[in-house]
Amino acid sequence: MLRLSILAGCLLANAAVGATCGNDGSGFETWKQQFSQEAAAAGVGQAGLQALASASYSTRTINADRNQKSFRYELSEFMRIRGANTIVAQGRQRISGNPAFYTSLENAFGVPAAVVVAIHGMETGFGNFMGDANVVSAITTLAYDCRRSEFFSGHALAALRLVDQGGLSASTVGAMHGELGHTQFLPGNVIAYGVDGDGNGVIDLTNITDSLASTANFLRQKGWQPGVGYQEGQPNFEVIKEWNAAGVYQKAIAIMAAQIEG
């Protein structure tokens with residue numbers, strides 16, 4: 001049985017968005033000084049503020065944000081490019097290789113293991129690549145960038161809080177948009193839905209138990225109904241939409257999960 005300790009914290013609604021945004025790196029240092037004041041006022045401690053001070057403008061993150069292409073493909077091509085057949089085959093192996101763990105996950109949250117495993121495979125190839133971008137730099141760059149500053153400012157504050165809490169460090173690496181761990185949670189979602197699945201007192205999304213428990217918890221908290229279908233047109237498909245806004249991604253997860261279940 002998983003030992004659960006859901007992390008309570010400030011949600012994104014309270015995020016500060018007053019610092020002056022920019023469209024290139026020239027104003028980033030000024031923005032950091034402004035955002036530091038807002039972060040301190042929001043309760044971010046010294047460790048988080050130091051992580052912000054050491055953050056650098058991430059041109060790679062901005063380029064990635066401007067050039068997202070894979071979600072434009074048709075479903076069949078998207079699944080081919082993302083390796084759906086491999087995800088299904090390896091997903092079956094992972095569940096059969098550790099049935100007690102995946103059964104405990106289902107019992108705790110009511111979300112089929114196949115759905116969580118499909119997400120795990122899609123996001124990081126089952127943890128084989130969890131990213132190579134500095135999380136704090138990536139997320140603060142997006143918070144500074146005028147294109148989506150309002151959305152990412154809350155996640156930037158959450159990242160700084162996670163540094164304070166020990167679940168993240170100034171050197172932690174993740175995906176280009178600041179997502180971290182086995183299933184690529186944005187920092188604000190770690191605060192809101194993170195679960196200490198192994199009971200060691202720290203929510204660490206690079207730990208597979210914490211990460212998969214957090215993923216299942218996210219889906220359950222978003223309205224997953226145990227025992228109800230999740231294919232397109234069924235109630236739980238609406239919950240899969242909460243994980244990722246791209247239609248091809250949503251359909252691919254539902255299809256792969258059904259194939260993993262066999």
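Each value in this text was obtained by applying a stated rule to the coordinates, not by laboratory testing. Just so we're clear, the structure is a prediction, and the values are computed from it rather than from any experiment. Counting neighbours? That spans all protein chains shown, and the Cβs are built from the backbone with ideal geometry, glycine included.
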Centre separation in Å (Cα based) which lies between the stretch 218-262 and the stretch 146-185
25
Of the listed values (1) 18.8; (2) 20.6; (3) 21.7, grab the one calculated as Kirkwood radius over Cα pairs in Å from the structure here.
(1)
Relative contact order [Cα under 8 Å, 6+ residues apart], the stretch 10-142, whole percent:
28
Relative contact order (%) - the chain, alpha-carbon pairs under 8 angstrom, separation at least six
27
For the stretch 213-257, run through the GluC sites (Glu not before Pro) and keep only the ones in DSSP coil with at most 14 other Cβ atoms within 10 Å of their Cβ.
E232
If I fit a long axis through the Cα atoms of helix 149-165 and take the longest principal axis of the Cα atoms of the chain, what angle between them do I get, 0 to 90°, rounded to 10?
90
Please give the helix 247-261 orientation as an angle from the longest Cα principal axis of the chain, in degrees from 0 to 90, rounded to the nearest 10.
40
Compute the acute angle (0 to 90°) between the alpha-carbon long axis of helix 208-221 and the principal axis of greatest extent of the alpha-carbon atoms of the chain; round to the nearest 10°.
90
Per the Cauchy relation, a quarter of the hull surface: what is the mean projected area of the convex hull of the alpha carbons in the stretch 180-262, in nm²?
5.7
Size of the dipole of the stretch 118-209 about the Cα centre, Lys and Arg at +1 and Asp and Glu at -1 on the beta carbon, nothing else charged, in debye to 20?
200
